[in-house]
1. Let me see the pair-distance distribution of the stretch 5-95: every alpha carbon pair, 5 Å bin width, integer percents in order.
2. Scan the chain and hand back the longest stretch that contains none of the GluC sites (Glu not before Pro) lying in DSSP loops with at most 12 other Cβ atoms within 10 Å.
3. Hey, any idea what Rg/Rh is for the chain, computing Rh the Kirkwood way over Cα pairs?
4. Which order do ASP231, ASP187, ASP62 fall in if you start with the one that has the fewest other Cβ atoms within 10 Å?
5. With a bin width of 10 angstrom, please list the P(r) values of the stretch 117-164 as percents of all Cα-Cα pairs, from the 0 bin to the one holding the largest distance.
6. Using a Gaussian network model of the chain whose springs link C-alpha atoms within less than 10 Å, name the residue from SER101, SER49, SER184 with the highest mean-square fluctuation.
7. With the contact rule set at Cα under 8 Å and sequence spacing of 6 or more, what percent relative contact order holds for the stretch 42-185?
8. Could you tell me the distance between the Cα centroids of the stretch 191-249 and the stretch 36-57, to the nearest Å?
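FYI, it's all coordinate maths here, none of it is from the lab. Small disclaimer: the values here were computed from a predicted structure and weren't measured. Please note: Cβ atoms are built from the backbone with ideal geometry, for glycine as well, and neighbour counts cover all protein chains shown.
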Amino acid sequence: MSESSQRIPLVIGNWKMNTSLQTALSLARAAAEDAAAHPDVEVAVMPPSTWLVALATALGTDSAVQLGAQDIAPEPAGAYTGDIAAEMVAPYVRFILAGHSERRHIHGEDDTYVRAKVDAIFRVDRTPVLAVGETEQQRQAGQAEGVIAEQLEHALADRPVDQIRSLVIAYEPVWAIGTGQSASASDAQQMAQVIRDWIRGAYADAADRVRILYGGSVKADNASEFFASEDIDGGLIGGASLDAADFSEIIRAVGIT
Ligand code: PGA
């Protein structure tokens, strides 16, 4: 059994600030059917938080698709207008995203804040999906690997190895998100390997367990290129997850690699 075959492939749809309740219900039901048809793949969707209760109720407890939250604030409660605590989404979700570049860049969230979010996710016993990625400028300056290592170091240093084993990391080059311009499969694999090597250096026992996803303009017609790579265990899918047929095709693509 190769090391990668011990990791269950994972596809997560990140709907961002999209969908009506009706669309959310229909996308989630479609994803549940796809997930049931591909028991070898783990599938999750991350709707806007306001839809979580309705989706959890509609899907029921034995649905094949899991739910995730797109973001949380680190604090458990308090005067944080507009924010939502990990405790508030935990009853409905298995995964919680932290460090997405749209939070880092649009909302100015720094590495310290991202670490605090990861702490909060572990506090409620859910699985963090830690997003890391370099900007185009950083890539052009040859800094991509250093930037990723720094983001990993900030979020993950000095943790119990059990936390690291359970983690999901999404490599999402900022210049590829929502632009239609994906990384090449070999660049994505190279960066996934950088991530796995970093983990091996810090937590040798966890390195082969951590699932690494690629995200950034993954579509139905390019998904299988990424998923064929040794260190890429699935995808974090934005735009294409809003189209049930495309998302279905992407789930199928990860299932056959
Ligand atoms: P995209 O988004 O697939 O639309 O590029 C990916 C993401 O932001 O997770």
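1. 3, 14, 24, 23, 17, 11, 6, 2, 1, 0
2. In the chain, the maximal stretch lacking such sites is 4-229.
3. Over the Cα atoms of the chain, Rg/Rh equals 0.93.
4. ASP62, ASP187, ASP231
5. The distribution over the stretch 117-164 is 24, 44, 23, 9, given as percents.
6. Between SER101, SER49, SER184, it is SER184 that shows the largest mean-square fluctuation.
7. Averaging sequence separation for qualifying contacts and normalising by length gives 19 percent for the stretch 42-185.
8. Value for the Cα centre distance between the two parts: 18 Å.
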